[in-house]
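Below you'll find the structure, written out as structure tokens, and then a few comments.
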Amino acid sequence: MIWLILSVLLWGFLHSLLASHTAKELVVRLLREPLARSYRLVYNLFAGLSFLPILGIAAVTPDRRLYLVPFPWSVLMIIGEILVLFALMAGFRQTDVWEFLGLRQLAGSAPNKSPDSPMATVQGRLVTRGLYRYVRHPLYSAGIAFIWLLPLMTINVLAINIALTVYVVIGSFYEERKLRRVFGQEYTDYAAVTPMFVPFLKGNKHPQ
């Protein structure tokens, strides 16, 4: 279990390191345009592919079932996961998903957005509509909800879930710092009336 947690935390560290402004600046200096435009796409591919070894470690690590949610509650949890997937798609649609993936930069139709750029933006503007009206980090909220709604829980899955949750929560605070740096008082006012992860905790007295 400890190796799984450490491997996820190492993945998170590398993920954050490569997302830093310093790493992006170094790549731009070394590669120049147009190769530097592929940084966001390569970064996303690396983030996904580098998680595969963690799944391999989980597959060969001795495991034990902790619980299996019985019917009909398991069905409700699966329905919840499906709803979360729709929420994820909605959250991506409210931002520029092609730019987030790095495809728009590769085509040269958008500036080369760095991985350290805030996610909740569209063409340099802060997104506060749709799901972002209810939580400041809907993609993070949906991701956390999805992994904890699994009706089957084992020791290895628990270890991965704990490590991913810790990483996402810590990462969200770094994201907040970027957003405050970019948008200043606008983001401070938005954060004052919009919960971070869980809707309605602050009453959502969102400005019209």
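Is it true that TYR39 is surrounded by 15 or more Cβ atoms within 10 Å (Cβ to Cβ), more than 22 Å from TYR167 (Cα to Cα) and touching a residue at least 24 places away in the same chain (Cβ under 8 Å)? It is true that TYR39 is surrounded by 15 or more Cβ atoms within 10 Å (Cβ to Cβ), more than 22 Å from TYR167 (Cα to Cα) and touching a residue at least 24 places away in the same chain (Cβ under 8 Å). Being touching a residue at least 40 places away in the same chain (Cβ under 8 Å), of a type in the set (A, V, I, L, M, F, W, C) and assigned to a helix (DSSP H, G or I): is that true of ALA142 here? Yes; evaluated as a whole, the condition is true for this residue. The single condition among (1) surrounded by fewer than 16 Cβ atoms within 10 Å (Cβ to Cβ); (2) under 21 Å from LEU83 (Cβ atoms); (3) modelled with pLDDT of 85 or more that GLY143 does not meet is (1). Any residue that is in a loop (DSSP other than H, G, I, E, B), modelled with pLDDT of 85 or more, hydroxyl-bearing (Ser, Thr, Tyr) and in contact with a helix residue (DSSP H, G or I) (Cβ under 6 Å, 6 or more places away or on another chain) - is there at least one of those in region 106-116? For region 106-116, residues in a loop (DSSP other than H, G, I, E, B), modelled with pLDDT of 85 or more, hydroxyl-bearing (Ser, Thr, Tyr) and in contact with a helix residue (DSSP H, G or I) (Cβ under 6 Å, 6 or more places away or on another chain): absent. Taking the listed residues VAL97, VAL69, VAL84, the one that is among the aliphatic types (A, V, I, L, M), surrounded by 13 or more Cβ atoms within 10 Å (Cβ to Cβ), closer than 30 Å to PRO199 by Cβ and in contact with a strand residue (DSSP E or B) (Cβ under 9 Å, 6 or more places away or on another chain) is VAL69, with no other qualifying. Kindly establish whether GLU99 is modelled with pLDDT under 90 and either within 14 Å of the chain's Cα centre (by Cα) or assigned to a loop (DSSP other than H, G, I, E, B) (or both). Considered against the rule, which asks whether it is modelled with pLDDT under 90 and either within 14 Å of the chain's Cα centre (by Cα) or assigned to a loop (DSSP other than H, G, I, E, B) (or both), GLU99 comes out as no. Quick check, is THR194 modelled with pLDDT of 90 or more, under 30 Å from PRO72 (Cβ atoms) and surrounded by 15 or more Cβ atoms within 10 Å (Cβ to Cβ)? Judged against the criteria, THR194 is not a match. When LEU88, LEU26, LEU83, LEU30 are checked against the criterion of being closer than 17 Å to LEU164 by Cβ and assigned to a helix (DSSP H, G or I), LEU88 stands alone in meeting it.
Please verify whether region 50-66 includes one or more residues that are at pLDDT 85 or above, within 23 Å of GLU175 (Cα to Cα) and either of a type in the set (A, V, I, L, M) or in a helix (DSSP H, G or I) (or both). Within region 50-66, none of the residues are at pLDDT 85 or above, within 23 Å of GLU175 (Cα to Cα) and either of a type in the set (A, V, I, L, M) or in a helix (DSSP H, G or I) (or both).
The values are calculated or read from the model by the stated rules, or taken from the named source; none is laboratory data. Fair warning: this is a prediction, and the values are worked out from it, not measured in the lab. Virtual Cβ from ideal backbone geometry, glycine too; neighbours counted across all protein chains shown.
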